[in-house]
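> Following this message is one structure expressed as structure tokens.
The values are calculated or read from the model by the stated rules, or taken from the named source; none is laboratory data. Just so it is clear, the structure is predicted and the values come from calculations on it, not from any experiment. Neighbour counts are summed over all protein chains in view; Cβ atoms, including those assigned to glycine, are modelled from backbone coordinates with ideal geometry. Ligands, DNA and RNA are stripped out before the accessible areas are found, and what is left, the full protein with its side chains, is counted by its heavy atoms. Shrake-Rupley method; radii C 1.70, N 1.55, O 1.52, S 1.80 Å.
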Amino acid sequence: MKKIWMSLIAFSLLLAACGKEEETISSFEQQEGMIAEIIDSGNERAQILVIPDVNVSDVENKNAEELMQLARDKDGAFYTFEVAKFEGLEVGTYVIAYWNGTQLDSDPPQRTLEKVDILAK
């Protein structure tokens, strides 16, 4: 009888853990767009500027202020991340950026990157 109870408890914990992971992933906000700029923030952190509905020709040969204006016009955002956690991100890459829903009220907003899906390079 003791083994049955232990098995039921273990199974319940496993189900609860799976449910929480699924809930966490689905609770993220997301934005699809192209990485238009990567900024080294120091301390092994960086930011990517993700702008929706643009292509490489829209961002090439633009300076930082022009990219920020384009991001304002297209509802882009900066995403801060740990460099070691998200390696291989490059300007021109199309991504889906996930964040927890909170942001700094700058323009464009600043968010913390929780997850990223690379769609195309």
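> Only residues that are in contact with an Asp or Glu (Cβ under 6 Å, 6 or more places away or on another chain) and of a type in the set (A, V, I, L, M): list them for the stretch 93-110, please.
Scanning the stretch 93-110 gives a single hit, 96.
> Would you say residue 40 is under 25 Å from residue 102 (Cβ atoms), open to solvent by 20 Å² or more (accessible area, probe 1.4 Å) and either among the small types (Gly, Ala, Ser) or in a helix (DSSP H, G or I) (or both)?
Criteria not met by residue 40.
> So how many residues does the stretch 75-98 have that are open to solvent by less than 80 Å² (accessible area, probe 1.4 Å) and closer than 13 Å to residue 33 by Cβ?
12
> Now, a different point. Take the stretch 104-121 and flag every residue that is open to solvent by 80 Å² or more (accessible area, probe 1.4 Å), in a loop (DSSP other than H, G, I, E, B) and closer than 21 Å to residue 69 by Cβ.
105, 107
> Being surrounded by 14 or more Cβ atoms within 10 Å (Cβ to Cβ) and β-branched (Val, Ile, Thr) is the filter here; which residues of the stretch 43-74 pass it?
48, 50, 51, 54, 59
> Report the residue count in the stretch 60-103 for those that are aliphatic (A, V, I, L, M) and part of a strand (DSSP E or B).
Residues meeting the conditions: 4.
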